[in-house]
Amino acid sequence: MDELSNKVAIVTRWSRGIGAQIAITLAEAGASVVINYSRNQKSADKVVSEIKASGGSAIAIKADISSPEEVKLMFDSAISQFGKINILINNA
């Protein structure tokens with residue numbers, strides 16, 4: 001299933017549960033995934049590792065989405081890594 005190949009998705013406040021599953025599902029569909037977290041880097045890194053182990057592409061970026069400056073840095077980092085952003089999932 002590669003409907004989203006060549007697409008880049010950001011999943012905000014992914015944390016665990018639904019956000020993690022959204023990130024995994026997007027990666028399974030072919031998207032490169034940016035996992036946003038604010039506190040739990042270990043959990044974010046675990047999902048990134050799972051996506052990469054399945055042949056997908058993902059990174060984790062720490063950012064407080066209530067801070068415009070941190071959101072800008074997150075987007076700048078995502079674009080630096082993947083060249084673009086096509087999809088934004090606000091998982092709050």
Helices (runs of 4 or more DSSP H) (entirely within the chain) containing at least 2 residues that are out of contact with any Asp or Glu (no Cβ under 8 Å at 6 or more places or on another chain), acidic (Asp, Glu) and open to solvent by 60 Å² or more (accessible area, probe 1.4 Å):
41-53, 68-82
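If I ask for residues that are of a type in the set (Asp, Glu), more than 16 Å from VAL8 (Cβ to Cβ) and at pLDDT 95 or above, which ones from region 55-79 would you list?
If the condition is that a residue be of a type in the set (Asp, Glu), more than 16 Å from VAL8 (Cβ to Cβ) and at pLDDT 95 or above, then GLU69, GLU70 are the ones that fit.
The values are calculated or read from the model by the stated rules, or taken from the named source; none is laboratory data. Values in this document were obtained by computation on a predicted structure and should not be read as measured data. Ideal geometry is used to build each Cβ from the backbone, glycine not excepted, and the neighbour counts take in all protein chains shown. Surface areas here come from the heavy atoms of the whole protein model, side chains and all, with no ligands, DNA or RNA. Shrake-Rupley method; radii C 1.70, N 1.55, O 1.52, S 1.80 Å.
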